[in-house]
Amino acid sequence: MNFVPYHGNAKYCYANSTAMLLATIGEQVAPGTIEVLTGVGLGAARFPQTPFLFSMQSPDGGITQALQLLGFTFEEQAADDDALVRLRVALTQGPCVLGPIDMGYLTYHPNYRHLAGADHFVLAYKMTDTTLQVHDPDGYPYVSLPFDALMCAWKAERIGYSHEPYRLWRQPERQRIVSPEELYRTAVQSFQKLYHGLEEAAPHIPAEVGSVAIHNFAQLVQTHKASSADLEMMQHFSLALGAKRAIDYATFFTPYNQQLAQEKDQQAQLFGLCHSEAVRCNWSRVASLLEQLAESEARFREVLMGVL
(Lines give C-alpha, C1' and ligand atoms only; values in the text may rest on other atoms or scores of the structure.)
Protein backbone atom coordinates (compact mmCIF):
# COMPACT_ATOMS: atom_id res chain seq x y z
CA MET A 1 0.00 0.00 0.00
CA ASN A 2 1.41 3.37 -1.04
CA PHE A 3 -1.00 5.75 0.67
CA VAL A 4 -2.43 5.69 4.18
CA PRO A 5 -5.19 8.29 4.77
CA TYR A 6 -4.74 10.42 7.88
CA HIS A 7 -7.21 11.83 10.39
CA GLY A 8 -6.01 13.97 13.26
CA ASN A 9 -7.61 14.83 16.58
CA ALA A 10 -5.75 13.83 19.75
CA LYS A 11 -8.86 13.70 21.92
CA TYR A 12 -10.56 11.35 19.42
CA CYS A 13 -7.45 9.21 19.03
CA TYR A 14 -9.19 5.84 18.95
CA ALA A 15 -12.01 7.06 16.69
CA ASN A 16 -9.55 8.66 14.27
CA SER A 17 -7.29 5.60 14.31
CA THR A 18 -10.28 3.38 13.56
CA ALA A 19 -11.42 5.73 10.78
CA MET A 20 -7.94 5.53 9.25
CA LEU A 21 -8.02 1.73 9.47
CA LEU A 22 -11.36 1.60 7.66
CA ALA A 23 -10.19 4.11 5.07
CA THR A 24 -7.39 1.73 4.07
CA ILE A 25 -10.06 -0.67 2.74
CA GLY A 26 -12.02 2.11 1.06
CA GLU A 27 -14.60 2.58 3.84
CA GLN A 28 -15.14 6.22 4.74
CA VAL A 29 -16.71 6.56 8.18
CA ALA A 30 -16.51 9.90 9.96
CA PRO A 31 -14.53 9.82 13.22
CA GLY A 32 -17.43 11.60 14.94
CA THR A 33 -19.76 8.77 13.97
CA ILE A 34 -17.28 6.17 15.20
CA GLU A 35 -16.90 8.09 18.47
CA VAL A 36 -20.65 7.96 19.05
CA LEU A 37 -20.87 4.26 18.24
CA THR A 38 -18.12 3.44 20.74
CA GLY A 39 -20.43 4.59 23.54
CA VAL A 40 -17.48 6.42 25.10
CA GLY A 41 -18.65 9.69 26.61
CA LEU A 42 -22.04 8.44 27.76
CA GLY A 43 -22.80 9.03 31.41
CA ALA A 44 -20.06 9.37 34.00
CA ALA A 45 -18.18 7.19 36.44
CA ARG A 46 -15.93 7.50 39.45
CA PHE A 47 -13.94 4.42 40.37
CA PRO A 48 -11.78 4.05 43.50
CA GLN A 49 -8.51 5.99 43.32
CA THR A 50 -8.99 7.15 39.72
CA PRO A 51 -9.77 10.56 38.17
CA PHE A 52 -13.40 11.40 37.50
CA LEU A 53 -14.58 10.26 34.07
CA PHE A 54 -17.34 11.71 31.94
CA SER A 55 -17.78 8.25 30.45
CA MET A 56 -18.86 4.73 31.37
CA GLN A 57 -17.14 2.92 28.49
CA SER A 58 -13.44 2.29 27.90
CA PRO A 59 -12.00 3.22 24.49
CA ASP A 60 -10.72 -0.28 23.73
CA GLY A 61 -14.15 -1.80 24.34
CA GLY A 62 -15.60 1.05 22.31
CA ILE A 63 -13.56 0.28 19.19
CA THR A 64 -14.81 -3.29 19.16
CA GLN A 65 -18.41 -2.16 19.67
CA ALA A 66 -18.26 0.47 16.91
CA LEU A 67 -16.84 -1.92 14.31
CA GLN A 68 -19.49 -4.51 15.14
CA LEU A 69 -22.32 -1.98 14.91
CA LEU A 70 -21.03 -0.78 11.53
CA GLY A 71 -21.23 -4.32 10.15
CA PHE A 72 -17.55 -5.22 9.99
CA THR A 73 -15.76 -8.39 10.89
CA PHE A 74 -12.21 -7.88 12.14
CA GLU A 75 -9.47 -9.48 14.14
CA GLU A 76 -8.75 -8.30 17.66
CA GLN A 77 -5.66 -9.50 19.48
CA ALA A 78 -3.97 -9.13 22.83
CA ALA A 79 -0.51 -10.53 22.27
CA ASP A 80 2.04 -12.03 24.65
CA ASP A 81 5.83 -11.80 24.74
CA ASP A 82 5.87 -12.42 20.98
CA ALA A 83 3.93 -9.19 20.40
CA LEU A 84 6.55 -7.61 18.15
CA VAL A 85 6.82 -10.71 15.97
CA ARG A 86 3.06 -10.97 15.71
CA LEU A 87 2.78 -7.31 14.82
CA ARG A 88 5.36 -7.66 12.06
CA VAL A 89 3.37 -10.56 10.59
CA ALA A 90 0.09 -8.67 10.96
CA LEU A 91 1.43 -5.62 9.13
CA THR A 92 2.19 -7.73 6.07
CA GLN A 93 -1.60 -8.02 5.74
CA GLY A 94 -2.45 -4.38 6.41
CA PRO A 95 -2.36 -1.59 9.01
CA CYS A 96 -3.36 -2.16 12.65
CA VAL A 97 -4.85 0.03 15.35
CA LEU A 98 -2.72 -0.21 18.49
CA GLY A 99 -3.85 0.73 21.96
CA PRO A 100 -4.08 1.72 24.58
CA ILE A 101 -0.49 2.88 24.49
CA ASP A 102 1.28 5.06 27.05
CA MET A 103 2.11 8.49 25.62
CA GLY A 104 5.01 8.80 28.05
CA TYR A 105 7.07 6.58 25.74
CA LEU A 106 6.19 8.16 22.39
CA THR A 107 9.59 9.66 21.67
CA TYR A 108 8.46 11.41 18.49
CA HIS A 109 6.10 13.57 20.57
CA PRO A 110 7.83 16.78 21.76
CA ASN A 111 6.11 16.59 25.15
CA TYR A 112 6.32 12.84 25.77
CA ARG A 113 8.31 13.26 28.98
CA HIS A 114 5.32 15.06 30.51
CA LEU A 115 2.69 12.57 29.34
CA ALA A 116 3.47 9.51 31.46
CA GLY A 117 0.40 7.33 31.89
CA ALA A 118 -1.75 9.19 29.35
CA ASP A 119 -3.60 6.70 27.17
CA HIS A 120 -3.53 6.92 23.39
CA PHE A 121 -4.25 4.99 20.18
CA VAL A 122 -2.40 5.06 16.85
CA LEU A 123 -2.49 3.40 13.44
CA ALA A 124 0.59 1.27 12.72
CA TYR A 125 1.28 0.73 9.03
CA LYS A 126 4.91 -0.34 8.53
CA MET A 127 7.99 -1.77 10.25
CA THR A 128 11.65 -1.24 9.49
CA ASP A 129 14.45 -3.22 11.06
CA THR A 130 14.46 -0.97 14.13
CA THR A 131 11.28 1.11 14.21
CA LEU A 132 7.52 1.04 13.87
CA GLN A 133 5.98 3.69 11.62
CA VAL A 134 2.62 5.09 12.64
CA HIS A 135 -0.01 7.70 11.95
CA ASP A 136 -0.58 9.37 15.33
CA PRO A 137 -3.90 11.30 15.44
CA ASP A 138 -2.29 13.87 17.72
CA GLY A 139 -1.04 15.70 14.64
CA TYR A 140 1.87 13.40 13.78
CA PRO A 141 1.47 11.47 10.50
CA TYR A 142 4.24 9.19 9.22
CA VAL A 143 6.30 9.19 12.43
CA SER A 144 8.59 6.42 13.67
CA LEU A 145 8.96 4.85 17.08
CA PRO A 146 11.94 2.69 18.16
CA PHE A 147 11.04 -0.83 19.20
CA ASP A 148 12.15 -0.42 22.83
CA ALA A 149 9.89 2.62 23.27
CA LEU A 150 7.07 0.89 21.39
CA MET A 151 7.07 -2.13 23.67
CA CYS A 152 7.02 -0.01 26.82
CA ALA A 153 4.21 2.16 25.45
CA TRP A 154 2.15 -0.75 24.12
CA LYS A 155 2.41 -2.76 27.35
CA ALA A 156 0.33 0.04 28.92
CA GLU A 157 1.28 -0.75 32.51
CA ARG A 158 0.40 2.76 33.74
CA ILE A 159 -3.04 2.88 32.07
CA GLY A 160 -5.74 1.98 34.56
CA TYR A 161 -8.38 0.52 32.26
CA SER A 162 -5.96 -1.63 30.25
CA HIS A 163 -6.71 -5.27 31.08
CA GLU A 164 -4.42 -6.86 28.49
CA PRO A 165 -1.14 -5.60 26.99
CA TYR A 166 -0.31 -5.31 23.31
CA ARG A 167 -3.85 -4.96 21.98
CA LEU A 168 -4.57 -4.39 18.30
CA TRP A 169 -7.38 -4.42 15.75
CA ARG A 170 -6.78 -5.38 12.12
CA GLN A 171 -8.21 -6.70 8.86
CA PRO A 172 -11.67 -5.15 8.95
CA GLU A 173 -13.99 -6.54 6.31
CA ARG A 174 -17.53 -5.45 5.63
CA GLN A 175 -19.89 -8.28 6.42
CA ARG A 176 -23.13 -6.45 5.69
CA ILE A 177 -24.54 -3.04 4.83
CA VAL A 178 -26.16 -1.35 7.83
CA SER A 179 -28.89 1.19 7.10
CA PRO A 180 -28.93 4.44 9.10
CA GLU A 181 -32.14 3.34 10.80
CA GLU A 182 -30.66 0.00 11.84
CA LEU A 183 -27.49 1.70 13.03
CA TYR A 184 -29.54 4.01 15.25
CA ARG A 185 -31.57 1.11 16.64
CA THR A 186 -28.61 -1.16 17.40
CA ALA A 187 -26.57 1.73 18.79
CA VAL A 188 -29.35 2.65 21.22
CA GLN A 189 -29.58 -0.97 22.31
CA SER A 190 -25.85 -1.02 22.97
CA PHE A 191 -26.11 2.23 24.94
CA GLN A 192 -28.92 0.81 27.05
CA LYS A 193 -26.87 -2.30 27.73
CA LEU A 194 -23.92 -0.13 28.75
CA TYR A 195 -26.01 1.78 31.29
CA HIS A 196 -27.63 -1.37 32.68
CA GLY A 197 -24.35 -3.23 32.94
CA LEU A 198 -22.39 -0.61 34.82
CA GLU A 199 -25.30 0.38 37.07
CA GLU A 200 -25.69 -3.24 38.14
CA ALA A 201 -21.95 -3.64 38.71
CA ALA A 202 -21.36 -0.29 40.46
CA PRO A 203 -22.33 -1.37 44.02
CA HIS A 204 -19.92 -4.28 43.86
CA ILE A 205 -16.87 -2.37 42.56
CA PRO A 206 -17.78 0.01 44.31
CA ALA A 207 -18.25 2.94 41.95
CA GLU A 208 -20.47 5.94 41.40
CA VAL A 209 -22.06 6.21 37.98
CA GLY A 210 -24.33 8.46 35.92
CA SER A 211 -26.01 11.57 37.26
CA VAL A 212 -25.25 10.58 40.87
CA ALA A 213 -21.54 10.52 40.08
CA ILE A 214 -21.71 13.97 38.47
CA HIS A 215 -23.70 15.40 41.39
CA ASN A 216 -21.27 14.03 43.98
CA PHE A 217 -18.32 15.29 41.99
CA ALA A 218 -19.92 18.74 41.80
CA GLN A 219 -20.11 18.73 45.60
CA LEU A 220 -16.39 17.96 45.83
CA VAL A 221 -15.62 20.85 43.50
CA GLN A 222 -17.91 23.19 45.41
CA THR A 223 -16.28 22.34 48.76
CA HIS A 224 -12.73 22.46 47.35
CA LYS A 225 -12.21 18.74 47.97
CA ALA A 226 -11.66 17.70 44.34
CA SER A 227 -8.13 16.49 43.67
CA SER A 228 -5.66 18.62 41.77
CA ALA A 229 -5.55 15.87 39.13
CA ASP A 230 -9.33 16.17 38.62
CA LEU A 231 -9.15 19.95 38.38
CA GLU A 232 -6.30 19.85 35.85
CA MET A 233 -8.12 17.16 33.86
CA MET A 234 -11.12 19.47 33.55
CA GLN A 235 -9.01 22.44 32.52
CA HIS A 236 -6.97 20.64 29.89
CA PHE A 237 -9.04 17.73 28.62
CA SER A 238 -12.31 16.34 29.85
CA LEU A 239 -14.70 19.28 29.58
CA ALA A 240 -13.73 20.40 26.08
CA LEU A 241 -13.82 16.80 24.97
CA GLY A 242 -17.21 16.35 26.63
CA ALA A 243 -18.60 19.23 24.58
CA LYS A 244 -17.30 17.76 21.32
CA ARG A 245 -18.67 14.33 22.12
CA ALA A 246 -22.07 15.67 23.12
CA ILE A 247 -22.34 17.59 19.84
CA ASP A 248 -21.62 14.40 17.90
CA TYR A 249 -24.23 12.49 19.90
CA ALA A 250 -26.76 15.26 19.27
CA THR A 251 -26.04 15.08 15.54
CA PHE A 252 -26.45 11.29 15.57
CA PHE A 253 -29.77 11.39 17.44
CA THR A 254 -31.34 14.33 15.57
CA PRO A 255 -33.03 12.39 12.70
CA TYR A 256 -34.57 9.87 15.09
CA ASN A 257 -35.20 11.28 18.56
CA GLN A 258 -35.41 14.99 19.25
CA GLN A 259 -35.46 14.58 23.02
CA LEU A 260 -32.17 12.72 23.06
CA ALA A 261 -30.68 15.22 20.62
CA GLN A 262 -31.83 18.20 22.67
CA GLU A 263 -30.41 16.83 25.91
CA LYS A 264 -27.06 16.14 24.26
CA ASP A 265 -27.02 19.64 22.76
CA GLN A 266 -27.75 21.04 26.22
CA GLN A 267 -24.92 18.96 27.65
CA ALA A 268 -22.55 20.24 24.96
CA GLN A 269 -23.33 23.82 25.96
CA LEU A 270 -22.89 23.04 29.65
CA PHE A 271 -19.56 21.32 29.01
CA GLY A 272 -18.34 24.32 27.01
CA LEU A 273 -19.35 26.82 29.65
CA CYS A 274 -17.90 24.61 32.35
CA HIS A 275 -14.58 24.45 30.52
CA SER A 276 -14.47 28.24 30.22
CA GLU A 277 -15.01 28.68 33.97
CA ALA A 278 -12.56 25.90 34.87
CA VAL A 279 -9.77 27.61 32.95
CA ARG A 280 -10.58 30.77 34.90
CA CYS A 281 -10.50 28.73 38.14
CA ASN A 282 -14.04 29.85 38.95
CA TRP A 283 -14.78 26.61 40.78
CA SER A 284 -18.03 27.72 42.36
CA ARG A 285 -19.46 28.35 38.90
CA VAL A 286 -18.02 25.07 37.65
CA ALA A 287 -19.81 23.24 40.46
CA SER A 288 -23.11 24.93 39.58
CA LEU A 289 -22.77 23.97 35.92
CA LEU A 290 -21.89 20.39 36.89
CA GLU A 291 -25.12 20.22 38.89
CA GLN A 292 -27.02 21.27 35.78
CA LEU A 293 -25.12 18.64 33.82
CA ALA A 294 -26.16 15.99 36.37
CA GLU A 295 -29.80 16.98 35.91
CA SER A 296 -29.47 16.80 32.12
CA GLU A 297 -27.81 13.39 32.37
CA ALA A 298 -30.69 12.07 34.48
CA ARG A 299 -33.18 13.27 31.85
CA PHE A 300 -31.10 11.81 29.01
CA ARG A 301 -30.91 8.42 30.69
CA GLU A 302 -34.66 8.36 31.33
CA VAL A 303 -35.44 9.06 27.68
CA LEU A 304 -32.79 6.65 26.40
CA MET A 305 -34.07 3.76 28.47
CA GLY A 306 -37.59 4.30 27.14
CA VAL A 307 -36.57 4.15 23.47
CA LEU A 308 -37.43 1.09 21.35
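The values are calculated or read from the model by the stated rules, or taken from the named source; none is laboratory data. Please read all numbers here as calculations on a predicted model, not as lab measurements. Please note: Cβ atoms are built from the backbone with ideal geometry, for glycine as well, and neighbour counts cover all protein chains shown.
A compact table of results
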quantity: Unmet requirement for residue 141, which otherwise passes all of (1) part of a strand (DSSP E or B); (2) in contact with a Leu (Cβ under 9 Å, 6 or more places away or on another chain); (3) not hydrophobic (A, V, I, L, M, F, W, C); calculated: (2)
quantity: Members of the stretch 117-138 that are assigned to a strand (DSSP E or B), of a type outside the set (S, T, N, Q) and within 24 Å of residue 93 (Cβ to Cβ); calculated: 120, 121, 122, 123, 124, 125, 126, 127, 132, 134, 135, 136
quantity: Output for the stretch 66-99, where each listed residue is over 20 Å from residue 144 (Cβ atoms) and within 18 Å of the chain's Cα centre (by Cα); calculated: 66, 67, 68, 69, 70, 76
quantity: Filtered residue count, the stretch 30-51, keeping only those that are of a type in the set (Val, Ile, Thr) and either under 19 Å from residue 294 (Cβ atoms) or touching a residue at least 60 places away in the same chain (Cβ under 8 Å) (or both); calculated: 4
quantity: Residue list for the stretch 176-209, restricted to those being closer than 17 Å to residue 37 by Cα and outside any helix (DSSP H, G or I); calculated: 176, 177, 178, 179
quantity: The stretch 31-43, residues that are among the aliphatic types (A, V, I, L, M) and either in a helix (DSSP H, G or I) or at pLDDT below 95 (or both); calculated: 34, 36, 37
quantity: Test: residue in the stretch 165-176 that is in the same structural domain as residue 107 (by TED's automatic domain parsing) and modelled with pLDDT under 95; calculated: yes
quantity: Residue in the stretch 105-134 that is farthest from residue 17 (Cα to Cα), counting only those that are crowded, with 18+ Cβ neighbours inside 10 Å and touching a His at 6+ places or on another chain (Cβ under 8 Å); calculated: 106
quantity: Scope the stretch 149-162; condition over 14 Å from residue 103 (Cα atoms) and either at pLDDT 95 or above or not assigned by TED's automatic domain parsing to the domain that holds residue 100 (or both); matching residues; calculated: none
quantity: The stretch 1-29: number of residues that are of a type in the set (Gly, Ala, Ser), assigned to a loop (DSSP other than H, G, I, E, B) and modelled with pLDDT of 95 or more; calculated: 1
quantity: Near pairs, Cβ below 6 angstrom, 6+ apart or cross-chain, from the stretch 253-272 (within 15 Å of residue 305 (Cα to Cα)) to any residue that is not in a helix (DSSP H, G or I); calculated: 261/254
quantity: Candidate set: the stretch 47-65, residues that are over 16 Å from the mean Cα position of the chain (by Cα) and of a type outside the set (Phe, Trp, Tyr); chosen: the one surrounded by the fewest Cβ atoms within 10 Å (Cβ to Cβ); calculated: 49
quantity: Flag for residue 173 being more than 17 Å from the chain's Cα centre (by Cα), assigned to a helix (DSSP H, G or I) and over 30 Å from residue 52 (Cα atoms); calculated: no
quantity: Qualifying residue in the stretch 81-89 (condition: acidic (Asp, Glu), surrounded by fewer than 18 Cβ atoms within 10 Å (Cβ to Cβ) and part of a loop (DSSP other than H, G, I, E, B)); calculated: yes
quantity: The stretch 210-232, subset among the polar types (S, T, N, Q) and either under 22 Å from the mean Cα position of the chain (by Cα) or in a helix (DSSP H, G or I) (or both), residue nearest to residue 44 (Cα to Cα); calculated: 211
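To keep it simple, each residue is scored yes or no on (1) within 21 Å of residue 36 (Cβ to Cβ); (2) touching a Cys at 6+ places or on another chain (Cβ under 6 Å); (3) buried (at least 21 other Cβ atoms within 10 Å of the Cβ).
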{"residue": "265", "(1), (2), (3)": "yes, no, no"}
{"residue": "279", "(1), (2), (3)": "no, no, no"}
{"residue": "282", "(1), (2), (3)": "no, no, no"}
{"residue": "289", "(1), (2), (3)": "no, yes, yes"}
{"residue": "297", "(1), (2), (3)": "yes, no, yes"}
